[in-house]
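FYI, it's all coordinate maths here, none of it is from the lab. Remember, it's a predicted structure, so these values are computed and weren't measured experimentally. Ideal geometry is used to build each Cβ from the backbone, glycine not excepted, and the neighbour counts take in all protein chains shown.
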Amino acid sequence: MADLGIRYATALFQISEEGGLLNEYLEQAKLICSALDQEDAIRLLTHPRITGEEKFTFLNKAFGELIHQDLLGFIRLVIDKNREEFLVPALYKLIDLIDQRQNRTTAKVVSAVPLTDAQAAQISSILSKKLNKEVDLTVLVDTSQIAGLSILVDGYYVDRTVKSMLKDMKETIKRGANE
C-alpha cells in the first residue's frame, strides 16, 4: 500500500514535468503539506463520518483558487478512492522528486543559539559544495544543545553539539570504569 503514495507522486511529477510546471507544483505541494500535515487536519481528512463530498468541498474552498487544477483533481481522486491518508505523503514524495530533478535538497540545522543570515548562508554554501546541489536550510533553535550544531541532510546526520560531546564523554568514562 505504501507504493500507492509513490505511484501518485510519480504520476503528478510526470504531469508537472510534461507541462513545464515543476516549480508551480513544488510551491503548491509545499503549501498543501504545510496546511494539512498536522494531527487535527489528518484526523479531519480520515474521519469516517465526514463524507468525501464534505472533505472535498472544504479542501476546494481552502485551496481551489491557489493550486493548479491537476492538483485539485488529485485531491478529488484521493478522496473519492477513500485514500486520504496518502494525500500528504504523496505530496511530500512529489516535493522530493522535483527537488531531485532540480538538484536541490533541504538541510535541517539545529543550533543552540539563533544563527545570523551570514552564518546560515555559509553553512548552506559549504553543504552545497559538499553535496554538489543547491541546499535550502531550515534552521531551528534548541537551547538544550548548550552550544554547537546538528545537521540532517539527505539521510546524513552530523552532531557537533556540546550536549552530544558530554554524553559521549560520560559513556567513555563509564566504559573505562567498568574495565
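Which residues, counting only those in segment 104-115, are closer than 22 Å to Ser144 by Cα and in contact with a helix residue (DSSP H, G or I) (Cβ under 9 Å, 6 or more places away or on another chain)? Scanning segment 104-115 gives Ala107, Val109, Val110, Ser111, Ala112, Val113, Leu115.
Of all residues in segment 53-64, those that are buried (at least 16 other Cβ atoms within 10 Å of the Cβ) have Cβ atoms under 6 Å from Cβ atoms of residues that are in a helix (DSSP H, G or I), 6 or more apart or on another chain, in Lys55/Ile79; Phe56/Arg76; Phe56/Ile79; Leu59/Ile75.
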